[in-house]
Amino acid sequence: MCVALQPPRFSQHRKLLVPELGMFPELNNLLNTSPDRAEQGKLTLLCDTNTDGSFLVHHFLSFYLKANCKVCFVALVQSFSHYNIVGQKLGVSLTAARERGQLVFLEGLKSALDIFFQDQEASHPLQFLREAGAGNLQPLYEFVLDALKPVDSGEMTWKFPVLLVDNLSVLLSLGLGTVAILDFMQYCRATVCWELKGNVVALVHDSGDAEDEENDVLLNGLSHQSHLVLRAEGLTTGFCKDVHGQLRILWRKPSQPTAQRDRSLIYQYKIQDKNVSFFAKGMSPAIL
């Protein structure tokens, strides 16, 4: 019998759930993918509710770096050093990737402070922070476009470009409207997925608050555009040492009728010291 315990605070939970090495091979198996045969032109939506879904962000970051892709990472939650420490545990060096030009990293926490001390006329990706009104994300889009534009043949070339955002809900918290964020994602999808044949991966936090209409509209809007939705959910019974949560995997074909385009699976998971194990609901070895 698995006895549910009270969940720890997110900051503690994140420390508990950091794997020690490598990508998550079981997750790659469930998604039927690997770095050497990654699909292109896809939008992947990551979502977490009542749990910390950051392990999915770390997985895709290491996945695409190992796939030899050019990655633009808009990191609005943690510092570069945090992602780099976790990346080293996953077998990739963000510092080395940035030095060789494979990774372009926007450190949102640092940029949010720097923007108030730089020349007011200078353009900044997070320009909306010092603008009155709702603001817009055109400067951030231009940053992404510049980071992922094709390079001259004389320079090192990458397999395809990838935009990774952690996470879009922060933009709502900073006062941006849902329409501005959806417009930004639509432009990024048109450029990265369609024009450059790359991929976009973005995390959105689901607070579970029925009155948070802005976040619901953002989630629904992105879900309808996505080819793959990964939703990490906490257990309804609370935190359990043997089962950390469940992952809903939804494959979608946005251009097809609903009845023909959706296929979903649900797995429970446990994040161990060196891996993440996935198993069918109720089939955890600790419960059997």
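Test Lys270 against the stated conditions and say whether it is part of a loop (DSSP other than H, G, I, E, B), surrounded by fewer than 20 Cβ atoms within 10 Å (Cβ to Cβ) and at pLDDT 75 or above.
Values: part of a loop (DSSP other than H, G, I, E, B): no; surrounded by fewer than 20 Cβ atoms within 10 Å (Cβ to Cβ): yes; at pLDDT 75 or above: yes.
Answer is no for this residue.
Answer yes if at least one residue in region 24-41 is at pLDDT 95 or above, on the phi > 0 side of the Ramachandran plot and in contact with a helix residue (DSSP H, G or I) (Cβ under 7 Å, 6 or more places away or on another chain), and no otherwise.
First, pick out the residues of region 24-41 that are at pLDDT 95 or above: 40-41.
Of the ones still in play, those that are also on the phi > 0 side of the Ramachandran plot are 41.
Among the residues that remain, those that are also in contact with a helix residue (DSSP H, G or I) (Cβ under 7 Å, 6 or more places away or on another chain) are: 41.
Taking every residue of region 24-41 in turn, at least one turns out to be at pLDDT 95 or above, on the phi > 0 side of the Ramachandran plot and in contact with a helix residue (DSSP H, G or I) (Cβ under 7 Å, 6 or more places away or on another chain).
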**Study point:** Hey, Asp216 of a type in the set (Asp, Glu) and either closer than 29 Å to Lys159 by Cα or not in a loop (DSSP other than H, G, I, E, B) (or both) or not
**Key:** yes
Practice item. Among what's in region 110-125 and is modelled with pLDDT of 75 or more and surrounded by 15 or more Cβ atoms within 10 Å (Cβ to Cβ), pick the residue that is farthest from Val77 (Cα to Cα). Key: His124
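This table checks each residue for (1) part of a helix (DSSP H, G or I); (2) in contact with a Ser or Thr (Cβ under 7 Å, 6 or more places away or on another chain); (3) surrounded by fewer than 19 Cβ atoms within 10 Å (Cβ to Cβ).
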{"site": "Leu163", "(1), (2), (3)": "no, no, no"}
{"site": "Leu176", "(1), (2), (3)": "no, no, no"}
{"site": "Tyr187", "(1), (2), (3)": "yes, no, yes"}
{"site": "Ala190", "(1), (2), (3)": "yes, no, yes"}
{"site": "Cys193", "(1), (2), (3)": "yes, no, no"}
{"site": "Ser207", "(1), (2), (3)": "no, no, yes"}
{"site": "Asn220", "(1), (2), (3)": "yes, no, yes"}
Review point. Mind checking which residues of region 71-93 are in contact (Cβ under 8 Å) with a residue 24 or more places away in the chain and in contact with a Gly (Cβ under 8 Å, 6 or more places away or on another chain)?
Key: Val74, Ala75, Leu76, Val77, Leu90, Gly91
Review point. Failed condition for Lys197, given (1) in contact with a Phe, Trp or Tyr (Cβ under 8 Å, 6 or more places away or on another chain); (2) outside any loop (DSSP other than H, G, I, E, B); (3) in contact (Cβ under 8 Å) with a residue 40 or more places away in the chain; (4) of a type outside the set (S, T, N, Q), with all others met?
Key: (2)
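The values are calculated or read from the model by the stated rules, or taken from the named source; none is laboratory data. It should be emphasised that the depicted structure is a prediction, and the values quoted were computed from it without experimental measurement. Please note: Cβ atoms are built from the backbone with ideal geometry, for glycine as well, and neighbour counts cover all protein chains shown.
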